[in-house]
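Asker: Just passing along the structure, written as structure tokens.
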Amino acid sequence: MNEKAYNYAIKYLKNIKTKKDVYDYLIRKGFTDEETSEVCDYIEEVGLVDDDLYVKFFVEDSFRIKNKGTRKIVYELKQRGIDDDKINEAIEEASDMQYDALKEAYERKLESTKSENDQYKRKNKIIRFLLSRGFDYSDIKDIVDI
């Protein structure tokens, strides 16, 4: 195993990362595909990278802290190379947090659009904002009273 590639990977793992994140990072640093794959397999084997744990934390943080919707979370996790099965499982486990995230995002946007006098424009701004956060239109409809 290439010791230099391994050391780069360890330094990169200060925060929790996916195996694909580490792989892409090492490729950008100029290591070969073979060296990168070997290091990634090793750090996954010894438990330094755990995609299941990453997905769990990512989904919970996205709902609780960032108030993101399911669609945006799924998109971001797919960009990080996570399997659909792992994504769906984590979202299903955290499904009770989704409504709370939608409600909190709605209330924040409602507060920030107070100055809008035209209620139609205000409602549309809120809906567009919530859609951009990745929430489903049917859920938005329920909370915004369309």
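The values are calculated or read from the model by the stated rules, or taken from the named source; none is laboratory data. For clarity, every value in this text was computed on a predicted model and none was experimentally measured. In this analysis, Cβ positions are derived from the backbone assuming ideal geometry, glycine residues included, and neighbour counts consider all displayed protein chains.
Asker: Could you say whether any residue in the range 66-74 is assigned by TED's automatic domain parsing to the domain that holds R128, among the polar types (S, T, N, Q) and either in contact with a Lys or Arg (Cβ under 6 Å, 6 or more places away or on another chain) or touching a residue at least 60 places away in the same chain (Cβ under 8 Å) (or both)?
Answerer: Yes, there is a match, as at least one residue in the range 66-74 is assigned by TED's automatic domain parsing to the domain that holds R128, among the polar types (S, T, N, Q) and either in contact with a Lys or Arg (Cβ under 6 Å, 6 or more places away or on another chain) or touching a residue at least 60 places away in the same chain (Cβ under 8 Å) (or both).
Asker: Is one or more of the residues making up the range 110-124 under 19 Å from D52 (Cα atoms), outside the structural domain of K20 (by TED's automatic domain parsing) and outside any helix (DSSP H, G or I)? Full working, then the answer.
Answerer: Narrowing the range 110-124 to residues under 19 Å from D52 (Cα atoms): none.
Checked the range 110-124: no residue is under 19 Å from D52 (Cα atoms), outside the structural domain of K20 (by TED's automatic domain parsing) and outside any helix (DSSP H, G or I).
Asker: Now for a separate question. Output the residues belonging to the range 125-146 that are among the charged types (D, E, K, R), surrounded by fewer than 14 Cβ atoms within 10 Å (Cβ to Cβ) and outside any loop (DSSP other than H, G, I, E, B). Please lay out each step first, then the result.
Answerer: As a first pass, look at the range 125-146 and keep what is among the charged types (D, E, K, R): 125, 128, 133, 136, 139, 141-142, 145.
Checking which are surrounded by fewer than 14 Cβ atoms within 10 Å (Cβ to Cβ) leaves us with 128, 141-142, 145.
Within the range 125-146, R128, K141, D142 meet the criteria.
Residue-by-condition table, conditions (1) of a type in the set (F, W, Y); (2) under 15 Å from G134 (Cβ atoms); (3) in contact with a helix residue (DSSP H, G or I) (Cβ under 7 Å, 6 or more places away or on another chain):
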| site | (1), (2), (3) |
| --- | --- |
| G30 | no, no, no |
| K56 | no, no, yes |
| D83 | no, no, no |
| Y106 | yes, yes, yes |
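Asker: Of everything in the range 59-78, what is assigned to a helix (DSSP H, G or I) and surrounded by fewer than 21 Cβ atoms within 10 Å (Cβ to Cβ)? Give them in sequence order. Break it down into steps so the answer makes sense when it comes.
Answerer: So in the range 59-78, the residues assigned to a helix (DSSP H, G or I) come out as 59-64, 70-78.
Correct list: E60, D61, R64, R71, K72, V74, Y75, E76, K78.
Asker: To continue, here is another question. Among the residues in the range 5-16, are any within 24 Å of D142 (Cα to Cα) and either part of a helix (DSSP H, G or I) or in contact with a Phe, Trp or Tyr (Cβ under 9 Å, 6 or more places away or on another chain) (or both)?
Answerer: No, every residue in the range 5-16 fails to be within 24 Å of D142 (Cα to Cα) and either part of a helix (DSSP H, G or I) or in contact with a Phe, Trp or Tyr (Cβ under 9 Å, 6 or more places away or on another chain) (or both).
Asker: Then there is this: Could you go through the range 49-60 and let me know if any residue there is charged (D, E, K, R), within 20 Å of D139 (Cα to Cα) and under 13 Å from the mean Cα position of the chain (by Cα).
Answerer: Yes, the conditions are met somewhere in the range 49-60.
Asker: Going by what's in this entry, would G81 be described as in a loop (DSSP other than H, G, I, E, B), crowded, with 18+ Cβ neighbours inside 10 Å, of a type outside the set (D, E) and not assigned by TED's automatic domain parsing to the domain that holds K19?
Answerer: no
Asker: Turning to a different aspect of this structure: Within the range 17-27, how many residues turn out to be touching a residue at least 40 places away in the same chain (Cβ under 8 Å) and either of a type in the set (A, V, I, L, M, F, W, C) or not in a helix (DSSP H, G or I) (or both)?
Answerer: Residues flagged as touching a residue at least 40 places away in the same chain (Cβ under 8 Å) and either of a type in the set (A, V, I, L, M, F, W, C) or not in a helix (DSSP H, G or I) (or both) within the range 17-27 amount to 1.
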